[in-house]
4 protein chains.
Amino acid sequence: MHRAAARPRVTHGVIGLDPPGQPAPPWTTREWFNTGETLHLAALRGRVVVLHAFQMLCPACVHHGMPQAQRIHATFAGSDVAVIGLHTVFEHHAAMTPVSLQAFLHEYRIAFAVGVDAPSADARQPIPVTMQAYGMQGTPSLLLIDRNGHLRQHAFGAVDDLALGAAIAMLIAEGD
Amino acid sequence: MHRAAARPRVTHGVIGLDPPGQPAPPWTTREWFNTGETLHLAALRGRVVVLHAFQMLCPACVHHGMPQAQRIHATFAGSDVAVIGLHTVFEHHAAMTPVSLQAFLHEYRIAFAVGVDAPSADARQPIPVTMQAYGMQGTPSLLLIDRNGHLRQHAFGAVDDLALGAAIAMLIAEGD
Amino acid sequence: MHRAAARPRVTHGVIGLDPPGQPAPPWTTREWFNTGETLHLAALRGRVVVLHAFQMLCPACVHHGMPQAQRIHATFAGSDVAVIGLHTVFEHHAAMTPVSLQAFLHEYRIAFAVGVDAPSADARQPIPVTMQAYGMQGTPSLLLIDRNGHLRQHAFGAVDDLALGAAIAMLIAEGD
Amino acid sequence: MHRAAARPRVTHGVIGLDPPGQPAPPWTTREWFNTGETLHLAALRGRVVVLHAFQMLCPACVHHGMPQAQRIHATFAGSDVAVIGLHTVFEHHAAMTPVSLQAFLHEYRIAFAVGVDAPSADARQPIPVTMQAYGMQGTPSLLLIDRNGHLRQHAFGAVDDLALGAAIAMLIAEGD
């Protein structure tokens, strides 16, 4: 984790935010749910983006990551925060098709937009395109992208609500 | 809940922060634990103060409020946040003496400073002095005081970690 | 709930066991996982059978029913209790195929035998055969069948561990 | 853990019940709450006794043991099960007096009878009399005594609801 020197950045370090670096990679998706359009990261410039990468049959996603993403969506409704799901299937591909995902989203009452990460052009590569571009280690992964499109936090596994709420608020407070 | 007009204040409203108003009242205490000195609110100017008012035999305090205060203490260690406990006994006074409180703090591994709210000078008044000054409705109560000593959030009962982490971070980000 | 008169049956009533009535209907399945053979209820005569009917995309099944079935399997390993899963899909049929179920069982580390309830011969009837035969109201459903093949408890929704452990033990104690 | 040979005892072993051995020692108490009389173990002959030994400032008792004892009390109400609390204070004696205990029982809505274990006659011995007689390792301790007054399970620390419900039911099913 990067830690910077000045006051607000000390706090940023405490709650796990990296300083701005390179722009976050664009997303490559094949389909979207809960939205009428393809969502591009560039179009969300000016907003704080919470990207929750998951697989519908990953227990830690179902028990922890997805409920947390729903809490974020409810808590920050009405603010400049966009909560986006990304279905990054890298195993059991035949079991987690878009048809199954659609039923999952319905049953779990997921209300935010969810994109399906595009399969690799290389049939021998099970990891989908966006997951590769971000170098995600697995699911669930939680990524925070600031108003300027820079990746500021990238966590694999369970993240604490208190620190996460703080990190999102820090990004909101940065302004454009 | 007060809501203000400009951008960051919109977010403040979303996560439950009031705009700055009057200074928070000083504390009147009879004894402190986990600190060698009497802590005065004025001496914490420049820091964000999280005040957790509790009673050691209040189930919601033990199950929710106190563990949350400990998580805040752990999450924001190394930042400008001061977590302070205040034992505001307003019932069962003979059962929750400082001797019992000391054992409670030891057994529950409470590491932050805890003050004992001063009993009212009026023997018929069961509510202690600081609890009265703040108009607290009961325990647990959670109060957020900004770097300038203004009360910005006053919650009675359970508060959500995500919104609370965000509120604390907003106050940190305001700077002096 | 039926309540019977004599002493042990008073307790049976307290913990939710019905007196023995008609034999439980046989199961009609199309496929099994975690076992090399088709399991018939008749072949389990002499053992206490815990039948957990679920759908892999039913949140209450995933969060409550299935973990409970796993705890039953672990707690009563080495006893005369057979824990059996039954995938009773009555909605989102295209989303919960045996291929998806197999990945679900793998990801959630389900170790006990799971059968797939047979689709109705009537294409307009979404409820599968065994689910109809038992008159199940939905998922999760938990059914306790005694050593003699009689249905003794039929619960829809969440069941308490303490009462359930007691009910299973009562059936074990009845002997053959 | 003792394991016995015959069929029902195999199950007893699986769920953690010892075979009957010596009678459980009598209790030596100084005071009772939630009952108008001193309760003696001998007077409970014919009933299954669940004895929950605790300290009011022991976190594992408050978070786990006491809620479980309350669930047992609620689940087996109307059966031959007597749930009894025993306040076995062996540390922080000045902090956990009967006055404090009474407030604790009120605040936590404990409805079953609770006795206060008698202090040792030897002032240098912090462990109270009944706790010594049973050789308890600490709190919470859960003890199951059968209808004939024999100790059949003695657990220190957290016990699983499912196995505990089964153990209690086994003792109920044994009859007088």
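The values are calculated or read from the model by the stated rules, or taken from the named source; none is laboratory data. These figures come from a predicted structure and were not determined experimentally. Because the Cβ atoms are built from the backbone with ideal geometry, glycine has one as well, and the counts that use them run over all protein chains shown. Heavy atoms of the whole protein, side chains included, go into the accessibility calculation; ligands, DNA and RNA do not. Shrake-Rupley method; radii C 1.70, N 1.55, O 1.52, S 1.80 Å.
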Please label the shape of chain A as rounded, prolate or oblate, based on the square roots a ≥ b ≥ c of the eigenvalues of the alpha-carbon gyration tensor (a/c under 1.5 means rounded; beyond that, a/b larger than b/c means prolate, else oblate).
prolate
Phi-based couplings in Hz for the stretch D:40-57 (Karplus 6.51, -1.76, 1.60; Gly and Pro marked x):
10, 4, 4, 6, 9, 3, x, 10, 7, 10, 10, 9, 10, 8, 8, 10, 5, 10
Would you please give the residues with an amide H less than 5 Å from that of A:Gly85, counting only those at least 5 places away or on a separate chain, with H modeled from the backbone geometry?
A:His52, A:Ala113, A:Val114, A:Gly115
So, R0 is 51 Å and r is the distance between the beta-carbons of B:Arg124 and A:Phe156; what FRET efficiency does that work out to, to 0.05?
0.30
Within the protein assembly as shown, what whole-number % of the accessible surface is contributed by carbon and sulfur, with the 1.4 Å probe and all protein chains included in the calculation?
52 percent
Residue-by-residue Karplus 3J(HN,Hα) for the stretch A:120-135, coefficients 6.51, -1.76, 1.60, Hz, glycine and proline x:
4, 5, 8, 4, 8, 9, x, 7, x, 4, 5, 4, 5, 4, 8, x
For D:Glu31, residues with placed amide H under 5 Å, excluding near neighbours:
D:Val116
Which of the residues in the stretch B:75-100 show a loss of at least 30 Å² in accessible area from their chain by itself to the complete set of protein chains, at a probe of 1.4 Å?
B:Thr75, B:Phe76, B:Asp80, B:His92, B:Ala95, B:Val99, B:Ser100
A:Glu174 accessible area, nearest 10 Å², 1.4 Å probe?
80 Å²
Here the relative contact order (percent) of the stretch D:55-171, from C-alpha pairs under 8 Å and at least 6 apart, is 27 percent
Rounded to the nearest 100 Å², what is the sum over both chains of accessible area buried where D meets C, with a probe of 1.4 Å?
2000 Å²
Test of understanding: extend the Cα→C-beta vector of D:Ala74 to 7 Å, then name every residue of the stretch C:145-176 with backbone N under 20 Å from that spot.
C:155-168
Scalar couplings 3J(HN,Hα) for the stretch C:70-81 by Karplus 6.51 cos²θ - 1.76 cosθ + 1.60 (θ = phi - 60°), nearest whole Hz, x for Gly and Pro, are 5, 5, 4, 4, 6, 5, 9, 4, x, 10, 8, 9
For the stretch A:17-61 versus the stretch A:157-176, the gap between their alpha-carbon centres in whole angstrom
16 Å
Distance in nm between C:Arg109 and D:Ala133 label points, each 7 Å along Cα→Cβ, equals 4.3 nm
What whole-number value in Å² describes the accessible area per residue of the stretch B:68-123 for a 1.4 Å probe?
37 Å²
Cα convex hull of the protein assembly as shown: how many Å³ per residue?
196 Å³
Lys, Arg +1 and Asp, Glu -1 on Cβ, resulting dipole of the protein assembly as shown about Cα centre, debye, nearest 20:
0 debye
